Amino acid sequence: MGVEGMSRREELAHGLGVVRDRIAAATVAAGREPDSVELVVVTKYFPASDVRLLAELGVRHVGENRHQEAEAKAAECADLDLRWHYIGGLQSNKASAVAAYAGVVESVDRLKLVAPLGRGVPAGRVVDVLLQVSLDPPGSAGRAGADPEALETLAQAVEAQPALRLGGLMAVAPLGEDPDRAFARLAGVHQEFVARHPPAAVLSAGMSGDLEAAVRNGATHVRVGSAILGPRPVIQ
Ligand SMILES: *Cc1c(COP(=O)(O)O)cnc(C)c1O
């Protein structure tokens, strides 16, 4: 497929340029510092060859949401200077294995994950942890993320693990809700969180479709896939 006449490298360079411009414009419009938003490129479903091209184009942060795929790609790209962000659902029996390659685990949403994550961190390293907050109404189907009220207990558990560093919060806007409304709610939760944990100031929010709304509401990291890599191949 691909845009006619363009190599994959050119396609990725083009997508990256568009997204970097969108982030820059949103940052300026929000009156924020130009470099205050970090881009995590979500490479899930795409091959390690794309990750390699992205690294050549200056990408340093990549995001993955399935353990086996992430583990394999991280191994294939071990020669590159990349920081792997694990952004997917986590099972407690896989958490240790994720901590072996991830620099950041963004999707910690329950207490059961914390000890296995801490145990999986290789000696001499530290893994940054973001707590995933749910912005869905309580009881919604397929809901990932902790309730805002559960964050403090989770934060303390992470802080008690020497190999984990509490970095901040992550969230996904609920389908069908105005992202500005959802992210405004998140900004409130984040403000309270940072007041209690000043060094844990990361706010990972915003994807291809709603990164501007996230930047308006204080995101420090956006996670962007399809706007850079194109539509995800259908698997299964
Ligand atoms: C897939 C995914 C993204 C990227 O989504 P796009 O719409 O392709 O930009 C961001 N965050 C999470 C948690 C994801 O699973």
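The values are calculated or read from the model by the stated rules, or taken from the named source; none is laboratory data. Computed from a prediction, not measured in an experiment: that's the story for all the values here. When we count neighbours, we look across all protein chains shown, and the Cβ atoms used for this are built from the backbone with ideal geometry, even at glycine.
Quick notes on this structure:
- Unmet requirement for Ser107, which otherwise passes all of (1) within 16 Å of the ligand (Cβ to nearest atom); (2) within 15 Å of Leu229 (Cβ to Cβ); (3) of a type in the set (Gly, Ala, Ser): (2)
- Residue match in the range 112-135 (condition: surrounded by fewer than 22 Cβ atoms within 10 Å (Cβ to Cβ), among the hydroxyl-bearing types (Ser, Thr, Tyr) and in a helix (DSSP H, G or I)): no
- Exactly one residue among Glu212, Glu192, Glu177 is farther than 17 Å from Glu38 by Cβ, among the acidic types (Asp, Glu) and either within 16 Å of the ligand (Cβ to nearest atom) or at pLDDT below 95 (or both), and that residue is Glu177.
- Scanning the range 203-232 for residues that are in a loop (DSSP other than H, G, I, E, B) and over 15 Å from Glu64 (Cβ atoms) yields Ala205, Gly206, Ser208, Gly209, Asp210, Asn217, Gly218, Ala219, Thr220, Gly230, Pro231.
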